[in-house]
Amino acid sequence: MAQKGVQIITVEPGSLAEEAGIRPGDTLLEIHGEAVLDQLNYQFLITREDEAGMLLQRPDGSTFKAYVENGGAGIGVDLAQDEVKVCKQNCVFCFVHQMPKGFRKSLYLKDEDVRLSFLYGHFTTLSSSDDGELDRIVRERLSPIHVSVHATEPAARIRVVGNPREGDILRKIDRLLAGGIDLHTQAVVAPGLNDGAVWQRTLDDLWARRREGRGSVLSLSCVPVGLTAHRENLPDVQDVDPAFARDWVARWTPEVRRYAKANDGEPWLLLADEWFTRAGIEVPGRAFYSKSWAQLENGVGLVRRFLEHSRRFIQSPKAKGFAGRKVLLLTGASFAPTLRRIATELNRAVGSHLRVAATKNFTFGETVTVAGLLCGEDLKYAAHADRDSKGGRADWVDAVVVPSASLRTHTGPTDQYTLRGVVVREEGTFLDDLTLPELATDLGVPTVPSGANLSHLLDHLEAADRGAFRGGALGKTFHTAGLNLPQGAYNP
């Protein structure tokens, strides 16, 4: 991650930095004699001592030193965005390699950045992390991080990741664990590739690295492989069909409970929701999932959490805000049965008229059934088809709801990561660059994101009643929970 310092883009008036003579455009080269690598490294170094000795460079190339007390609340500077590191692996089921042509540049670049893993729960294969970076993780206490293991047997892992130098993932994992770093891990399971004995070894190896205190494998999730209709010139990979998913659920659901019992009641082995939705099986109850909803961002427990919240919400006074509303809810095929069941319960309880349409993914192929990968044109087609089925009336519904996960927004504690040469897209943009306001204009009715639950959805519908959203920052009008969470121009 070596780079020639970090540029300062703004200096707060009256701040400690301004008093020390630091100006916008200066580049921060060193703190305490150590090179500044990025924003996380800056935060680590600036807080190590009460006074920070810094080496900076002016735009003309001259250098100077400044001494600043950190003040506890920062010294009053904003730093330029850090560039995202990209992945060096060639995983046989990499989703980026299965992208159709014609999308924006950022969608074809794979992030492989331990900083994003620490800050936002992105999974890293550690392929771009040499021993120096692993030591940095330990030194700066970047814990926990999230690691895509896929397989611990070296030959099997090489087959999966397509990199002959990255078979021994346990060496890197053990180095981090020895340094006191906790890990959440995952394996994307593809039939005939890393299931069976390979999966069992992965499970055994990672379970053996679960320890008391710091430096432990905190969890292992298994996720069914996702394949699109765009696999030209890619290795043959078998999809997870309903029969395979049913067998997997039957085999490993009891094991989830057994490992939880051995882990003081806290689930450690985690099954992604997609195993159950692909199998056509009801997701388990709340006790099946981590108390902290570990790996929720990885699709573990999203359906159960939604069900739990929805049934409480329907019994609350706020639910009456849905009374009389005529709303079309668009979602992916995998979540549609769950959402349809909840909509029916809400309609019966308060007299609302919510309908659910399972939206086909024409962009990536109908085998892709998750809501977060629906594009704007897919949603537009589904809404028009629904309107046509109702006689083509312009006022066929009061509002259309799209999945929050299908939209991007700037959220999180920072907005500090970007990809070189990528144009920042406005908030409220779908993967295919159609925007939420454009979709609303085309449909002629208010169009809002779903939020993470029914309470959020009602807030969004009421905001639409007030005419609050006319484009711009989604977070000023809508709940950001459930929205796509990229940083800066990076939009996976």
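The values are calculated or read from the model by the stated rules, or taken from the named source; none is laboratory data. A quick note: this is a predicted structure, and the numbers were derived from the prediction, not measured. Neighbour counts are summed over all protein chains in view; Cβ atoms, including those assigned to glycine, are modelled from backbone coordinates with ideal geometry.
Filter the range 163-209 for residues that are of a type in the set (Asp, Glu) and assigned to a loop (DSSP other than H, G, I, E, B); which is farthest from residue 136 (Cα to Cα)? My answer is 195.
Considered as a group, the residues in the range 82-99 that are assigned to a loop (DSSP other than H, G, I, E, B) and polar (S, T, N, Q) include one that is modelled with the lowest pLDDT, and that residue is 89. Annotation note: of 102, 61, 132, the sole residue that is exposed (fewer than 14 other Cβ atoms within 10 Å of the Cβ) and either acidic (Asp, Glu) or not in a loop (DSSP other than H, G, I, E, B) (or both) is 132. How about the range 265-375: which strands (runs of 3 or more DSSP E) wholly inside it have at least 2 residues that are within 22 Å of the chain's Cα centre (by Cα) and not hydrophobic (A, V, I, L, M, F, W, C)? Correct list: 326-332.
Results for (1) part of a loop (DSSP other than H, G, I, E, B); (2) closer than 30 Å to residue 175 by Cβ; (3) under 23 Å from the mean Cα position of the chain (by Cα), shown as yes or no for each residue.
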position: 228; (1), (2), (3): yes, no, yes
position: 240; (1), (2), (3): yes, no, yes
position: 252; (1), (2), (3): no, yes, no
position: 261; (1), (2), (3): no, no, no
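Here is a yes/no grid of residues against (1) touching a Lys or Arg at 6+ places or on another chain (Cβ under 9 Å); (2) closer than 17 Å to residue 454 by Cβ; (3) of a type in the set (Asp, Glu):
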residue	(1), (2), (3)
298	no, no, no
305	yes, yes, no
320	no, yes, no
330	no, yes, no
334	yes, no, no
379	no, no, no
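Picking from residues in the range 135-162 that are assigned to a loop (DSSP other than H, G, I, E, B) and among the hydrophobic types (A, V, I, L, M, F, W, C), the one that is modelled with the lowest pLDDT is 142.
Using the structure shown, decide if residue 45 is surrounded by 13 or more Cβ atoms within 10 Å (Cβ to Cβ), outside the structural domain of residue 120 (by TED's automatic domain parsing) and either among the polar types (S, T, N, Q) or outside any helix (DSSP H, G or I) (or both). No; evaluated as a whole, the condition is false for this residue. Only residues in the range 5-34 that are free of Cβ contacts under 8 Å to residues at least 40 places away in the same chain count as the first member; pair them with residues that are among the aliphatic types (A, V, I, L, M) and part of a helix (DSSP H, G or I), Cβ under 7 angstrom, at least 6 apart or cross-chain, and list the lot. Between residues of the range 5-34 that are free of Cβ contacts under 8 Å to residues at least 40 places away in the same chain and residues that are among the aliphatic types (A, V, I, L, M) and part of a helix (DSSP H, G or I), the close pairs are 31/45; 31/46; 32/45; 34/45.
Take residue 285 and decide whether it is small (Gly, Ala, Ser), surrounded by fewer than 20 Cβ atoms within 10 Å (Cβ to Cβ), in the same structural domain as residue 207 (by TED's automatic domain parsing) and free of Cβ contacts under 8 Å to residues at least 12 places away in the same chain. No, not satisfied.
In the condition set (1) at pLDDT 90 or above; (2) touching a Gly at 6+ places or on another chain (Cβ under 9 Å); (3) over 16 Å from residue 333 (Cα atoms); (4) not aromatic (Phe, Trp, Tyr), residue 406 is compliant with all but (3). Residue count for the range 201-257, restricted to those that are at pLDDT 95 or above, more than 16 Å from residue 150 (Cα to Cα) and among the polar types (S, T, N, Q): 2. Checked against (1) surrounded by 15 or more Cβ atoms within 10 Å (Cβ to Cβ); (2) aliphatic (A, V, I, L, M); (3) touching a helix residue (DSSP H, G or I) at 6+ places or on another chain (Cβ under 8 Å), residue 294 passes all but condition (3). Across the range 105-129, the qualifying residues are those that are among the aliphatic types (A, V, I, L, M) and part of a loop (DSSP other than H, G, I, E, B), and the one among them that is surrounded by the most Cβ atoms within 10 Å (Cβ to Cβ) is 126.
From the list 53, 33, the lone residue that is loosely packed, with under 15 Cβ neighbours inside 10 Å, touching a Phe, Trp or Tyr at 6+ places or on another chain (Cβ under 9 Å), outside the structural domain of residue 139 (by TED's automatic domain parsing) and not polar (S, T, N, Q) is 53. Total residues in the range 242-289 satisfying the condition of being more than 17 Å from residue 367 (Cβ to Cβ) and among the small types (Gly, Ala, Ser): the figure is 6.
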